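Okay, here's the structure, questions in a sec.
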Amino acid sequence: MDKIAELADPDDVLDAQDLVVLKLDRPWSGPHAVPAGCVLDSSSQRITTNQKSFVANKDNLTKQRFSAALFAGCSAFATYAALSNAAVEVLKKAETLVLVHNRDLIMDLVQRFPGLRLLVLMHDLRLQTEAKHRLEVCGKRSSRLRQVVGTAPALGMDHLFLCPVTLISLLANCDMLCEIQAPMEEVISLSNPLLSGHPGGLPPFKTGQELILGSHAELPNGPRFVIEHVGAEHITTARPLYVNLKRLTVSTASWETLARITDFEHIRRLSITFSAEVPPCPFGGHVVRLLKKFDLDELSLCHVDQVQLSIVARFCKDLRSLAFSCCNVSNETFSNAFPKLERLLAGRHISSSTLRSLLTSCPNLIWLELTSDDTCAAFLDRRASRPALRNVRRLVLKTAWTVEDLGTDADALRSLLKSLPALRHVVTDSYGLRLFFENYAPYVRLSWTGCVVCTTEFPKVSEVQELAWSAILSGKV
């Protein structure tokens, strides 16, 4: 997100269409004026334009050196030859490329832009699947790519979805690659038949700081569920490969898997999703041992039973982000338990009194996200006392309930607004809440909980994706 913020507002680009942003290596200079159709910002280091002007001004733009670029709501390079040719010429020296609502295959992007160090696919619209024969046409490992990161909300994923052939193809072409924000169990598993004939061996993961093992998804208006879970053997295999690991995401159905996580040394951000197909993972035992072992900045738990937030506070004094969904949270009261917490995501199965006590103990909260109807109702209940959340800038209420169903009214919502003086962004599907904020807080940005572009454009990319989208909506994934 930091790299995106250097180029544009991350919220703005999600709604953007036909937007191209170029970051200059140094302020615009030389005898040539900024081309028509291009807007230079006040720092003289960032140019904003559209696809047509970008293509038309290719010759002038190639005279400058750009370190990064962002394309949002643009055509696929594979289907717009003029755009592709211009991008290849203008971005020869660029090290960062951000594509919002990307429509290209990753391997095509790697071959088109060999000088990239970082590729960001924010809200990837393309199913990243490859035919096995693509392995036979890999290049000479000339790419300088080190990181591939992104999300795929159309598939309900907060990471990228890459098929095994795509993963192995990346490794075959990018010998400097150390971080891929996608499930990696297929790569680190020595039993994977695709790896047996891979001449380059595994890349230098020892410098990588992020690892995702297993995958989960969150369907529209549905709970998170595990698609692929991993076992203790995956942790055992990953440990010697990722000696500097700081961010670990695991989807599993095994307590033993959690026990092996303590083999790592430097984890700062930990996400655990336990499979809903087995009884919830007990908080005591392995989870508590993980909290004791690591000095965590971020913690996310899903399908964990009897979560004791007081214990989380005791062992995670520097916690800045806390998320718990589909967890049974024990009833407790708190006093300044999370002084550094900036982001909180709370799902179902937390009592109203515990939620309010928790919110009172987070004086520096910036982002509050409530992901169930009942939790939203508990927060908005006009009969309950309201904690002051003076620093909250973003409020996410994942509900479509009416104002009446949520147990609130206009007076209570006006009181809520007074307790949120820093509020600038509300995300909800409740028409009643949206109408209130639209009328009483016009300075607040309103968004839906799901990405409108992903919802409308993902099934249009191909017939295969149209079928996949139908399966997603029917819950048959």
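Please treat every number below as a calculation from the coordinates, not as lab data. Quick caveat: nothing in here was measured; it's all calculated off a predicted structure. Heads up, the Cβs are rebuilt from the backbone with ideal geometry, glycines too, and the neighbour counts pull from every protein chain shown.
222 nm [θ] for the chain, helices only, -39500 (n - 2.57) per DSSP H run of 4+, per residue, to 500?
That calculation yields -7000 deg cm²/dmol at 222 nm.
Let me ask something else. Tell me which lysines have Cα within less than 26 Å of LYS246's Cα, excluding those fewer than 8 residues away on the same chain?
Candidates past the 8-residue exclusion: LYS3, LYS206, LYS292, LYS293, LYS317, LYS340.
To two decimal places, what compactness ratio does region 364-444 give when its Cα radius of gyration is scaled by 2.2 N^0.38 Å?
Normalised by 2.2 N^0.38 Å, the Cα Rg of region 364-444 equals 0.96.
For region 397-452, what is the per residue volume of the convex hull drawn over the alpha-carbon atoms, in cubic angstrom?
Hull volume over Cα atoms, normalised by residue count, gives 76 Å³.
Counting pairs of Cα atoms in region 50-116, how many percent are more than 17 Å apart?
Summing the P(r) of region 50-116 above 17 Å gives 34 percent of all pairs.
Taking 1 over the mean of 1/r across every pair of different Cα atoms in region 283-373, what Kirkwood radius in Å do you get?
12.9 Å
What's log10 of I(q)/I(0) for region 290-442 at q = 0.10, 0.14 Å⁻¹, Debye sum over Cα points only, no solvent?
Log10 of I(q)/I(0), two decimals: -0.33, -0.64.
Quick one: Kirkwood hydrodynamic radius for region 26-71, alpha-carbon pairs, angstrom, one decimal?
Taking the inverse mean of 1/r over all distinct Cα pairs, region 26-71 comes out at 11.0 Å.
Please give the direction-averaged projected area of the C-alpha convex hull for region 232-298, in square nanometres with one decimal.
4.2 nm²
For GLN465, what charge total do you get from the other residues with a beta carbon under 12 Å from its beta carbon, if Lys and Arg give +1 and Asp and Glu give -1?
Local net charge: -1.
Cα-based Rg of region 388-429 per 2.2 N^0.38 Å, rounded to two decimals?
1.17
Over the Cα atoms of region 1-79, compute the convex hull volume and normalise it per residue, giving Å³.
It comes to 102 Å³ per residue, whole-number rounded.
While we're looking at this one, here's another question. Work out, in µm²/s and without decimals, the Stokes-Einstein translational diffusion coefficient of region 420-477 at 20 °C, 1.002 mPa s, Rh from Kirkwood over C-alpha pairs.
158 µm²/s
From the C-alpha gyration tensor of region 228-348, pull out the three semi-axes of the equivalent ellipsoid (sqrt of 5λ each), sorted largest to smallest, in whole Å.
So the three semi-axes of region 228-348 are 23, 18, 11 Å.
Based on the alpha-carbon gyration tensor of the chain, what equivalent-ellipsoid semi-axes (square roots of 5 times the eigenvalues) come out, in whole Å, largest first?
Computed over the chain, the values are 38, 30, 20 Å.
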